[in-house]
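Here the structure comes first, spelled out in structure tokens, and everything after it is commentary.
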Amino acid sequence: MGAIPTGEAILRLLLTMLLSGCIGAEREAHERPAGLRTHVLVGVGSCLFMLLSLAMTEWRGDPGRIAAQVVTGIGFIGAGTIWLRGDVIRGLTTASSIWATAAIGMVIGAGYYALGVVATLTVLTALIGLRLVERWLVQRVGGQVHTVDCELPPSPEVLWQMLTTLGELRARLLQVESLPSGDSDFHRLRLTVNLSGRIAPEQLLQALLRAGAASARFSEPSPEKPDDIQGRPHAR
């Protein structure tokens with residue numbers, strides 16, 4: 001394969017698959033739109049394009065042309081993970097992780113193994129470690145963090161309405177987890193929400209119910225209104 005032995009090219013592909021899979025596994029664990037397979041395919045594809053770019057030097061071609069097109073093309077994939085509804089934007093972190101994964105694939109394809117490993121660790125630190133730091137900063141500066149368990153009808157419009165309602169309350173959605181639904185027809189979600197001091201926790205529950213949630217309650221007793229939390233009905 002040009003100046004790069006086939007065995008070394010295969011090694012680069014396998015290493016790219018491993019490193020891309022680590023980033024994709026983190027996204028998959030948080031049920032993001034682009035997970036393990038997407039990140040692996042992006043990384044391996046970028047590595048292949050980089051190997052082809054290097055091989056073009058044997059044919060007196062420009063090795064930078066293909067690599068430059070990878071940087072441009074990966075933006076279209078990343079854009080597909082971003083969605084906007086009202087003033088709520090989701091998917092920016094996943095789009096950024098795809099972009100970084102493509103860069104790691106190109107770095108490994110160019111033969112910079114140590115740099116690729118360090119870059120992967122840096123991305124994982126940003127995705128995992130900085131999430132904890134971000135939550136700590138939000139709790140310290142931006143208000144109180146509450147975890148709410150919701151049951152939603154199987155309708156995407158209800159989810160959109162809930163996100164719009166959170167935006168109107170100026171409540172910041174920090175995390176969304178999918179919970180087992182069992183035999184129920186409702187979707188169960190656990191929302192981690194940051195509330196400013198001017199919004200009472202009970203207002204958050206009422207707003208979610210008005211948005212279409214079948215039930216909404218705090219996953220842990222809140223010191224403000226423990227009776228209301230335990231007594232929240234399970235249907236509108």
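The values are calculated or read from the model by the stated rules, or taken from the named source; none is laboratory data. For clarity, every value in this text was computed on a predicted model and none was experimentally measured. Using ideal geometry, Cβ is built from the backbone for each residue, glycine included, and neighbour counts are taken over all protein chains shown.
Select, from L204, L195, L163, the only residue that is hydrophobic (A, V, I, L, M, F, W, C), touching a residue at least 40 places away in the same chain (Cβ under 8 Å) and in contact with a helix residue (DSSP H, G or I) (Cβ under 7 Å, 6 or more places away or on another chain). Write out each step before concluding.
Details: L204 fails: in contact with a helix residue (DSSP H, G or I) (Cβ under 7 Å, 6 or more places away or on another chain); L163 fails: in contact with a helix residue (DSSP H, G or I) (Cβ under 7 Å, 6 or more places away or on another chain).
Testing whether each residue is hydrophobic (A, V, I, L, M, F, W, C), touching a residue at least 40 places away in the same chain (Cβ under 8 Å) and in contact with a helix residue (DSSP H, G or I) (Cβ under 7 Å, 6 or more places away or on another chain) leaves just L195.
T125 - would you say it is within 22 Å of A29 (Cβ to Cβ) and either exposed (fewer than 15 other Cβ atoms within 10 Å of the Cβ) or in contact with an Asp or Glu (Cβ under 9 Å, 6 or more places away or on another chain) (or both)?
It is true that T125 is within 22 Å of A29 (Cβ to Cβ) and either exposed (fewer than 15 other Cβ atoms within 10 Å of the Cβ) or in contact with an Asp or Glu (Cβ under 9 Å, 6 or more places away or on another chain) (or both).
Can you find, within region 98-145, the residue that is modelled with the highest pLDDT among those that are over 27 Å from G45 (Cβ atoms) and over 20 Å from the mean Cα position of the chain (by Cα)?
Q144
Can we say R37 is part of a helix (DSSP H, G or I) and closer than 30 Å to E157 by Cα?
Answer is yes for this residue.
Of everything in region 190-201, what is modelled with pLDDT of 75 or more and under 18 Å from E134 (Cα atoms)? Give them in sequence order.
If the condition is that a residue be modelled with pLDDT of 75 or more and under 18 Å from E134 (Cα atoms), then L191, T192, V193, N194, L195 are the ones that fit.
Within region 167-189, is even one residue modelled with pLDDT of 85 or more and either in contact with a Cys (Cβ under 8 Å, 6 or more places away or on another chain) or surrounded by fewer than 17 Cβ atoms within 10 Å (Cβ to Cβ) (or both)?
yes
Do you know which of the residues in region 184-199 that are closer than 18 Å to S219 by Cβ and of a type in the set (S, T, Y) is nearest to the chain's Cα centre (by Cα)?
Among those residues, the one meeting the criterion is T192.
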